[in-house]
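Before any comments, here is the structure.
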Amino acid sequence: MPLRSVLPILAALAAYAAATLPSSTAPALPPGTSPAPAVTPGAPALPPGPAPAPEPAPEVPLPPPGAPPAPDLQPTDPPIKPPPGPDEKPPDEAAVIHEAHKEYRTRHCAHWLRWSGGIAGAAQARADELAKACKLRPGDTKYGENLWSGTSGKWTPQKVVDSWYAEGKRYNYKRPGHSKGTARFTQLVWVGSRRYGCATSTCKKTDFWVCFYDPPGNVDGEFERNVLSPDKCKE
């Protein structure tokens, strides 16, 4: 075909190609890279550089092989503690009654009582009141109270506490609670009492004994856990 016949055909093909192809093409990307994502008009620009990697979740250490499982923690009652205050040594004249309280309370799983000079002072005022009246009579006090009266010189401190403890022979542990003639025993061994003080005063030939206890015992509904039998303590 003559060259002048071919030229019009080539010109037509070039015009057709220019009409169908885009006016510009994207530059070639380096090997191994991905094209950038399309950006939506109005969207905020992304910061340059790669996106930060998410923080890894903290690792929980596993127990060593053969270790026993951790026990489930259960809420417990706080331990019973005596009222705050410095320890006070009982006076020499109260040493015997102090040791007697220790002996009998230990038999019933009750903590030893802390001697309190302040409570002993209140007991002294009560003993003087009884000596002034020269007879036992009920009083109004915030403390638990044990009283005794007897012929002067006949009742030693040990015998006074022994007489209170002897009431325990009539106490029924199977039916805990108030019962006739046992109130001084139950106060003596009451687990919840923590401090005490005792005093004595004399009218004519009669001695009056008073011991105050804090917190007071003989509380309704609390006998079962505060007056414990010696057999139960052995278990």
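Worth a mention:
- When THR206, THR186 are compared by accessible area at a 1.4 angstrom probe, the order from most to least is THR206, THR186.
- Heavy-atom surface of the range 168-235, accessible at 1.4 Å and reported per residue (Å²): 56 Å²
- What separates the Cα centres of the range 104-162 and the range 175-235 is a distance of 10 Å.
- The mean sequence distance of close C-alpha pairs (under 8 Å, at least 6 residues apart), as a share of the length of the range 82-235, puts its relative contact order at 35 percent.
- Volume per residue of the C-alpha convex hull in the range 92-235, rounded to whole Å³: 104 Å³
- Local electrostatic count at THR202 - Lys and Arg +1, Asp and Glu -1, tallied over other residues with Cβ under 15 Å: +2
- Note on HIS111: accessible area approximately 110 square angstrom, rounded to 10, probe 1.4 Å, nucleic acids and ligands left out.
- Taking a straight line from the alpha carbon of LYS132, these lysines sit under 29 Å away, with near neighbours fewer than eight places off in the same chain left out: LYS89, LYS142, LYS154, LYS159, LYS180, LYS204, LYS205.
The values are calculated or read from the model by the stated rules, or taken from the named source; none is laboratory data. Worth saying up front: this structure is predicted, and the values here are computed from it rather than measured. Positions of Cβ are generated from backbone atoms using ideal geometry, with glycine treated the same way; all protein chains shown enter the neighbour counts. Ligands, DNA and RNA are stripped out before the accessible areas are found, and what is left, the full protein with its side chains, is counted by its heavy atoms. Shrake-Rupley method; radii C 1.70, N 1.55, O 1.52, S 1.80 Å.
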